[in-house]
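Asker: I'd like to ask some things about the structure below.
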Amino acid sequence: MVHNPKTDKTFTLTNDQSGESIKLPVLEGRQGPPVIDIRKLYAQTGHFTFDPSFTATGSCKSRLTFIDGEKGILEHRGYSISDLAGKSSFLEVAHLLLYGDLPNREQKDEFEHQITYHTMVDEQVNFFYRGFRRDAHPMAIMCGVIGALSAFYHDSLDINDPKQRELSAHRLIAKVPTLAAMTYKYSIGQPFMYPRNDLSFSENFLYMCFGVPSEPYKVNPILARAMDKIFILHADHEQNASTSTVRLAGSSQANPFACIAAGMASLWGPAHGGANQAVLEMLDQIGSVDRIPEFIERAKDKDDPFRLMGFGHRVYKNFDPRANVLKAACDEVLEELGVNDPHLELAMELERIALEDEYFIQRKLFPNVDFYSGIILKAMGFPTSMFTVLFAVARTVGWISQWKEMIEEPTLRIGRPRQLYTGPVARPYVELEDR
Ligand code: CMC
């Protein structure tokens, strides 16, 4: 059933200088605030709008993910994130995002088969890795190798062919984990582990990261389930920076491998996917519980660039529902592994003090998904530099589903924001000898 967001409501905008008014259509989605349709604003008034960080701008229609930041709600295709994280597998969620529904048994088997049988990468890709220094940041390698995939899979680059689009989507969901595991193996000087088709998505990922050819690797089911949950919690998050990057790159009709590489680059930053690494680095920097007040004061000081990493969110102004699920998973994993991580004690105390502090209360700054994910991932044996890569493995599903949704829109046009020009105007050219 297609939802038509048009209403007969309008929003009147009056120019204070000329007194002229225009009525702008108001659109309503199934949930969320109404949206003023300004597509004809420039043609009708000669004015652009100005919203540099997109705090009040909807860039697209989407049926994938709904967030209500005030109430702490996150839903994929109408299903709550806590139900999905509690009851589904990552590949079921991937099917949901990509095709619109949770798969029935037959569809589940078929989808799992498709993904499983695309996990190997062209053998030639292995040689790319040798071009990187061993101490390269894993995200630097990922940006390169994902982009390079478009040089290998020429039979799925025609974005106008639905079958080719689907094949690219399957390839990306299947191969990004393999490339991520190879990146890790390369960084520690161990041989690459080829994927195993008898294992589930997350089991296989742990095997490719932690297995070695010289002995059998037994997957711990609690860790595999925790990995799957972490992937589900990071699978999609509406029009965040990296997803918007993928959509903008795709709007020029670039191939999907190139678009996902663009998303990968955007995710890397510490304000986005790089925050999980930054949280552990921050906990290391704080070092002990007695130093927390000092760092809280620094986070509040506008002259100090230090921020509490893993705190705050552009959309969530109550709590991040993903953080709640992860906090519980974190306890389970640490107990299973018998890990007594001082980072956890530090994190809990930091959370407690920050949540009672007027600065954080007033600005509605709560722990986000990255606050706890780093602690679990560290306990599972991943180095901090791999944390953002794991986020990318999961988010590839969201990126490619959003890309597919965009390409299927009949009205797709290249994304082309405008600007408020503040530079010099009509300067007479100055010859070199006169400058
Ligand atoms: N520590 C201290 N102060 C903060 C923090 C923080 N982590 N986050 C926001 N503030 C303050 C900020 O200084 C501002 O104060 P004031 O109103 O006095 O100027 C106010 O809160 C609003 O912040 P903002 O920068 O306008 O908010 P934003 O929506 O532009 O930024 C954010 C959102 C997530 C980038 C930011 O909260 C942040 O940098 N957090 C730390 C990094 C982090 O954990 N990122 C992961 C986000 S969740 C995973 C993902 O989606 O990728």
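Asker: Taking GluC sites (Glu not before Pro) that fall in a DSSP loop and have at most 11 other Cβ atoms within 10 Å as cut points, what is the longest piece of the chain between them?
Answerer: Working: sites that count: 20, 70, 123, 356, 431.
Formally, the longest exposed-site-free interval is 124-355.
Asker: For the chain, modelled as a Gaussian network with Cα springs under 10 Å, which listed residue fluctuates most, 90, 128, 371?
Answerer: For the chain, modelled as a Gaussian network with Cα springs under 10 Å, the answer is 128.
Asker: With a/c under 1.5 counting as rounded, go ahead and sort segment 277-328 into rounded, prolate or oblate using the C-alpha gyration tensor (a ≥ b ≥ c being the square roots of the eigenvalues; past the cut-off, prolate if a/b is larger than b/c, else oblate).
Answerer: It is oblate, given that a/c is not under 1.5 and a/b is not larger than b/c.
Asker: Using R₀ = 35 Å, calculate the FRET efficiency as 1/(1 + (r/R₀)^6) where r is the Cβ-Cβ separation of residue 341 and residue 297; round to 0.05. Don't jump to the answer; show the numbers that get you there.
Answerer: Values: r = 25 Å, r/R0 = 0.72.
Result of the calculation: an efficiency of 0.90.
Asker: What ranking of 119, 10, 45 comes out by heavy-atom accessible area, probe 1.4 Å, highest first?
Answerer: Listed by decreasing accessible area, they come as 10, 45, 119.
Asker: Take the alpha-carbon centre of segment 323-356, take the same for segment 36-77, and report the distance between them in whole Å.
Answerer: Taking the Cα centre of segment 36-77 as reference, the centre of segment 323-356 is 35 Å away.
Asker: Using only Cα atoms, find the angle between the long axis of helix 387-408 and the longest principal axis of the chain, and express it within 0 to 90 degrees, rounded to the nearest 10.
Answerer: The answer is roughly 50 degrees.
Asker: How far is helix 221-233 tilted, in degrees, relative to the longest principal axis of the Cα atoms in the chain, given as a value from 0 to 90 rounded to the nearest 10?
Answerer: With both axes taken from Cα atoms, the answer is about 10 degrees.
Asker: Show me 389-396, 239-246 ranked by packing, highest mean number of other Cβ atoms within 10 Å first. It would help to have the intermediate numbers written out before the result.
Answerer: Details: 389-396: 26.5, 239-246: 22.1.
Highest-to-lowest ranking by the protection proxy: 389-396, 239-246.
Asker: Can I ask one more? Can you pull the percent of the chain's accessible area that's carbon plus sulfur, 1.4 Å probe, other chains left in place?
Answerer: The nonpolar share, carbon plus sulfur, comes to 52 percent.
Asker: Please compare each pair in 6/40; 9/40; 61/108; 185/404 to a cut-off of 22 Å on the Cα-Cα distance and tell me which ones are over it.
Answerer: Table pairs above 22 Å Cα-Cα are 61/108; 185/404.
Asker: Expressed as a whole number of Å, what is the distance separating the alpha-carbon centroids of segment 180-200 and segment 247-276?
Answerer: Here the answer is 23 Å between Cα centres.
Asker: For a test of the definition: using alpha carbon positions, the gyration tensor, and the 1.5 limit on a/c, classify segment 175-253 as rounded, prolate or oblate.
Answerer: It comes out prolate by the Cα gyration axes.
Asker: Using 7 Å Cα-to-Cβ label points, what is the residue 408/residue 47 separation (nm, one decimal)?
Answerer: The two pseudo-label positions are separated by 3.8 nm.
Asker: What do you get for trypsin sites (Lys or Arg not before Pro) in segment 94-149 restricted to DSSP loop and a cutoff of at most 10 other Cβ within 10 Å of the site's Cβ? Walk me through the intermediate numbers first.
Answerer: Values: sites: 105, 108, 130, 133, 134; in loops: 133, 134.
For trypsin sites (Lys or Arg not before Pro) across segment 94-149 that sit outside H, G, I, E and B with at most 10 neighbouring Cβ atoms in 10 Å, the list reads 133, 134.
Asker: Once you've got the GNM for the chain with C-alpha springs shorter than 10 Å, pick whichever of 291, 418, 322 has the biggest mean-square fluctuation.
Answerer: 418
Asker: Right, here's the next one. Calculated from DSSP H runs of 4 or more alone, at -39500 (n - 2.57) each and per residue, what is the 222 nm mean residue ellipticity of the chain, nearest 500? Numbers along the way, then the final one.
Answerer: Values: 18 runs with 215 residues, N = 435.
Calculated from helices alone, the mean residue ellipticity at 222 nm is -15500 deg cm²/dmol.
Asker: Another question, if that's okay. Measure nothing fancy, just the Cα-based angle from helix 105-116's long axis to the longest principal axis of the chain, in degrees from 0 to 90, nearest 10.
Answerer: Result, in degrees: 80.
Asker: Further, regarding this structure: Give me the accessible area per residue for the chain, probe 1.4 Å, as a whole number in Å².
Answerer: Per-residue value: 52 Å².
Asker: GNM, the chain, Cα, under 10 Å: largest mean-square fluctuation among 236, 341, 304?
Answerer: 304
Asker: Taking R0 as 51 Å, what FRET efficiency do you get between residue 6 and residue 433 from their Cβ-Cβ distance, rounded to the nearest 0.05?
Answerer: Rounded to the nearest 0.05, the efficiency is 0.25.
Asker: Moving on to the next point. By the gyration tensor of its Cα atoms, with a ≥ b ≥ c the square roots of the eigenvalues, what is the shape of segment 248-393: rounded for a/c under 1.5, prolate for a/b over b/c, or oblate?
Answerer: Cα axes put segment 248-393 in the oblate bin.
The values are calculated or read from the model by the stated rules, or taken from the named source; none is laboratory data. All values reported here derive from a predicted model rather than from experimental measurement. All Cβ positions, even for glycine, are placed from backbone atoms using ideal geometry, and neighbour counts span all protein chains on display. These accessible areas exclude ligands, DNA and RNA; they are computed on the full protein's heavy atoms, side chains included. Shrake-Rupley method; radii C 1.70, N 1.55, O 1.52, S 1.80 Å.
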